[in-house]
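Quick notes on the structure that follows.
Computed from the coordinates by the stated procedures, all read-outs in this text should not be read as laboratory data. What you are looking at is a predicted structure, and each value in this text was computed from that prediction instead of being measured. Cβ placement follows ideal geometry from the backbone for every residue including glycine, while neighbour counts extend to all protein chains displayed.
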Amino acid sequence: MSKSKDVAKSYQHVSLFQREEGKKLIDDVQIYRGYVILDLGCGTGELSAYLSELAGQDGRVVAVDPDSYRLEVARESHREVKNLTFQEGSSASFPGMGSETYDIVFANFVFHWIQDKEEVFKNMFRSLKPAGKIAVSYADRLASIFSKIYRELQSSESMELMLSKCYFERRSKIESMCLAAGFEIVKSVDVRMEDLEFENVESMCSFFSATNQGRFVSELATRDKVSSFCAQYTGGENSKPLTLYTDEGDYYCVLIAAKP
């Protein structure tokens, strides 16, 4: 198996935080049977499969991701789901773009990886049916606990590389771009980030490697570094589960908006 597919497999196994927060995002919009749904940045497809259950056999889900290895894992894992298709693409190029195809466009923790957000809002707007909605969760800054992880467990170069791939925008700017595209904002809030739980230290490192597309280098997280980090920011290196304590100011953003 290639290293890239190994990373994709790790993403599937340890992306529980994103999955659970994604389900909360889904709960923020009413999904009816028969809906046609676009899942932008679907990863390995766990939330896409959940969306397909909600849409029912009369509905369908189109799940898009630019990472071919994650899509390969997604297809292998969810091949029995008949109303779900996986396609390689991005927020700039996806099936049905501009054709008023979708009832819902769902984007869970992908906006901060996208540079041209104004174009994304335009593409989503043009691709929704009238009264269709978008459901978006995103980071508008690097959470302090993630900054500590890179500072304590990685090198300054790896942190700079990771930050060079992030395109954070404040919530007020995101709202302005959303309104400019023609949407009406239904909900725009900050959500407190809960403590993260992992099976063990290895699972924690795998999570950060997988969710940052391999830019977190596990080999740099030496035993001494990990022991020091865990003593400061977790319930203990050998605790099960391993709880990573987030800071009071760590949060992410949720945006729900509708096409008139």
Inset, instruction - Please report Lys24, Lys259 as a ranked list, fewest other C-beta atoms within 10 angstrom at the top and most at the bottom. - result: Lys24, Lys259
Legend entry - Summed side-chain charge close to Asn238 - residues other than Asn238 whose Cβ falls under 15 Å, Lys, Arg +1, Asp, Glu -1: -2
Legend entry - Local electrostatic count, Gln57, Cβ distance below 15 Å [Lys/Arg +1, Asp/Glu -1]: 0
Legend entry - Sparsely packed trypsin sites (Lys or Arg not before Pro) within region 48-131, loop by DSSP, other Cβ within 10 Å at most 12: Arg79, Lys82
Inset, instruction - Please work out the Cα center distance from region 113-146 to region 200-224, rounded to the nearest Å. - result: 27
Inset, instruction - Quick one: dipole size for region 187-260, taken about the Cα centre, charges +1 on Lys/Arg Cβ and -1 on Asp/Glu Cβ, in debye to the nearest 20. - result: 340
Inset, instruction - Could you let me know the centre-to-centre spacing of region 149-177 and region 63-112, using Cα atoms, in angstrom? - result: 24
Legend entry - Cβ-based charge dipole, region 76-191, positive-most Cα from Val186, Ile174, Met124: Val186
Legend entry - Integer Hz, Karplus 6.51/-1.76/1.60 couplings in order for region 153-160, x for Gly and Pro: 10, 10, 9, 4, 5, 5, 5, 4
Legend entry - Computed helical MRE - 222 nm, the chain, DSSP H runs ≥ 4 contributing -39500 (n - 2.57), nearest 500: -12000 deg cm²/dmol
Legend entry - Lys173 paired with Ser90, simple spin-label distance in nm, labels 7 Å along Cα-to-beta-carbon: 1.9
Inset, instruction - Please check the chain for the longest run free of GluC sites (Glu not before Pro) that are loop-located per DSSP (anything but H, G, I, E, B) and have at most 16 other Cβ atoms within 10 Å. - result: 101-193
Legend entry - On Cα atoms only, tilt of 171-180 relative to the major axis of the chain in degrees: 20
Legend entry - Normalised contact order of the chain, rounded percent, pairs of Cα under 8 Å and 6 or more residues apart: 21
Legend entry - Cα pair count fraction exceeding 28 Å, expressed as % - region 5-259: 33
Inset, instruction - Please give the helix 68-77 orientation as an angle from the longest Cα principal axis of the chain, in degrees from 0 to 90, rounded to the nearest 10. - result: 80
Inset, instruction - Kindly express, to the nearest 10 degrees and within the range 0 to 90, the angle between helix 3-14's C-alpha long axis and the longest C-alpha principal axis of the chain. - result: 80
Legend entry - Debye, to nearest 20: dipole size of region 49-191, +1 on Lys, Arg Cβ, -1 on Asp, Glu Cβ: 260
Inset, instruction - Tabulate in residue order the Karplus-calculated ³J(HN,Hα) for region 182-190, using 6.51 cos²θ - 1.76 cosθ + 1.60 with θ = phi - 60°, rounded to whole Hz; enter x for Gly and Pro. - result: x, 6, 10, 7, 8, 7, 8, 9, 8
Inset, instruction - Take the chain, connect every pair of alpha-carbon atoms lying under 10 Å apart with a spring to form a Gaussian network, then pick out the residue of Ser77, Ser48, Ser164 with the largest mean-square fluctuation. - result: Ser164
Inset, instruction - Work out the length of the dipole vector of the chain about its Cα centre, built from +1 on the beta-carbon of each Lys and Arg and -1 on the beta-carbon of each Asp and Glu, and round it to the nearest 20 debye. - result: 500
Legend entry - Extreme residue, positive dipole direction of region 5-259, given options Leu242, Leu25, Thr211 (C-beta unit charges): Leu25
Legend entry - Virtual spin-label span in nm between Thr243 and Ser68, 7 Å along Cα→Cβ: 4.4
